[in-house]
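First up is the structure itself, then whatever we jot down about it.
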Amino acid sequence: MQIARLKITLDDVEPRVMRRVEVPFDIRLDRLHLVIQAAMGWTNSHLFEFRLVDAGWGIPNRDFPDEAQDARKARLSMFLTEYGRKKFDYIYDFGDCWEHTISIEKILEAAPGQEYPCLIEAEGNCPPEDVGGYPGYEELLAAKADPAHERREEFEEWMDLDAFDPRTPDIAFITLALKALAKKWAPKPKAKSAKPRA
């Protein structure tokens, strides 16, 4: 099995949020979406879309059939084999509009005994859901740093600001979440057929 090593970077956020993961090269995009959600620390509670120039893949909408193509019918490998691109975009939550840049860094053979997807490297903690996009996240970090900030009390009503660490990802949680996906998607062993008695 061929494996793709991906670098996923959340655009325009400081401190930097980046993940390196390895996934099957032919993974469907709807499954890659779940890998990104688990690796970044998102909660999969909003719409998403993979973007490459003018093409998009996500959850199709019958009311707008020309918008996104079905992510269940497209695979990661197509970016390289059909489009000749190693880099594409992933957008999560069309309200907050979290934009990610995804790079295919290398294609390699699967390591014996290794389950995929798997985490290779993690840097930074992803912003809380529904914080209001990049401007809201900047405001949250300012309130975290300043106990007298005008919005500190507002932020503390829905999260523990002191407990949130923007620099340190929860690697143990990410690893477990990716292992759960690997287990769920692992090929099931074929049932042995009963031999007729002589």
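The values are calculated or read from the model by the stated rules, or taken from the named source; none is laboratory data. Small disclaimer: the values here were computed from a predicted structure and weren't measured. Don't worry about glycine lacking a Cβ; one is built from the backbone with ideal geometry, like all the others, and counts go over all protein chains shown. When the accessible area is computed, the model is the full protein with side chains, heavy atoms only, and any ligands, DNA or RNA have been set aside. Shrake-Rupley method; radii C 1.70, N 1.55, O 1.52, S 1.80 Å.
Condition (residue is open to solvent by less than 20 Å² (accessible area, probe 1.4 Å) and closer than 22 Å to GLY133 by Cα) applied to the stretch 18-28: is it met by at least one residue? Looking through the stretch 18-28, at least one residue is open to solvent by less than 20 Å² (accessible area, probe 1.4 Å) and closer than 22 Å to GLY133 by Cα.
The lone criterion from (1) modelled with pLDDT under 95; (2) under 14 Å from the mean Cα position of the chain (by Cα) left unmet by TRP158 is number (2).
Considering only residues that are in a helix (DSSP H, G or I), within 20 Å of TYR92 (Cβ to Cβ) and open to solvent by 40 Å² or more (accessible area, probe 1.4 Å), which ones fall in the stretch 131-167? Answer for the stretch 131-167, where residues must be in a helix (DSSP H, G or I), within 20 Å of TYR92 (Cβ to Cβ) and open to solvent by 40 Å² or more (accessible area, probe 1.4 Å): TYR134, PRO135, GLU138, GLU139. Whenever a residue of the stretch 78-98 is closer than 19 Å to LEU10 by Cα, its partners that are of a type in the set (Ser, Thr, Tyr), lying with C-beta atoms within less than 7 angstrom and at least six residues away or across chains, give the pairs LYS86/SER103; LYS87/THR101; LYS87/SER103; ASP89/THR101; TRP98/TYR92. Screening GLU14 on (1) in contact (Cβ under 8 Å) with a residue 40 or more places away in the chain; (2) open to solvent by 10 Å² or more (accessible area, probe 1.4 Å) shows it passes everything except condition (1). Of the residues making up the stretch 76-110, those that are closer than 27 Å to PRO128 by Cβ, outside any strand (DSSP E or B) and open to solvent by 50 Å² or more (accessible area, probe 1.4 Å) number 2.
The lone criterion from (1) touching a strand residue (DSSP E or B) at 6+ places or on another chain (Cβ under 9 Å); (2) within 18 Å of VAL23 (Cβ to Cβ) left unmet by ALA186 is number (1).
Only residues that are closer than 30 Å to THR168 by Cα, of a type in the set (A, V, I, L, M, F, W, C) and open to solvent by less than 50 Å² (accessible area, probe 1.4 Å) were counted across the stretch 35-75, and they come to 8. Among the residues of the stretch 1-57, the ones that are part of a helix (DSSP H, G or I) and closer than 18 Å to ALA111 by Cβ come to 1 in all.
Pairs are defined by a Cβ separation below 7 Å, a sequence spacing of at least 6 or placement on different chains, a first member in the stretch 118-146 that is under 23 Å from PHE173 (Cα atoms), and a second member that is polar (S, T, N, Q) and surrounded by fewer than 16 Cβ atoms within 10 Å (Cβ to Cβ); the pairs so defined are LEU119/THR175; ASN125/THR168; GLU129/THR43; GLU129/SER45. Scanning the stretch 56-75 for residues that are farther than 23 Å from GLY133 by Cβ and at pLDDT below 90 turns up PRO60, ARG62, ASP63, PRO65, ASP66.
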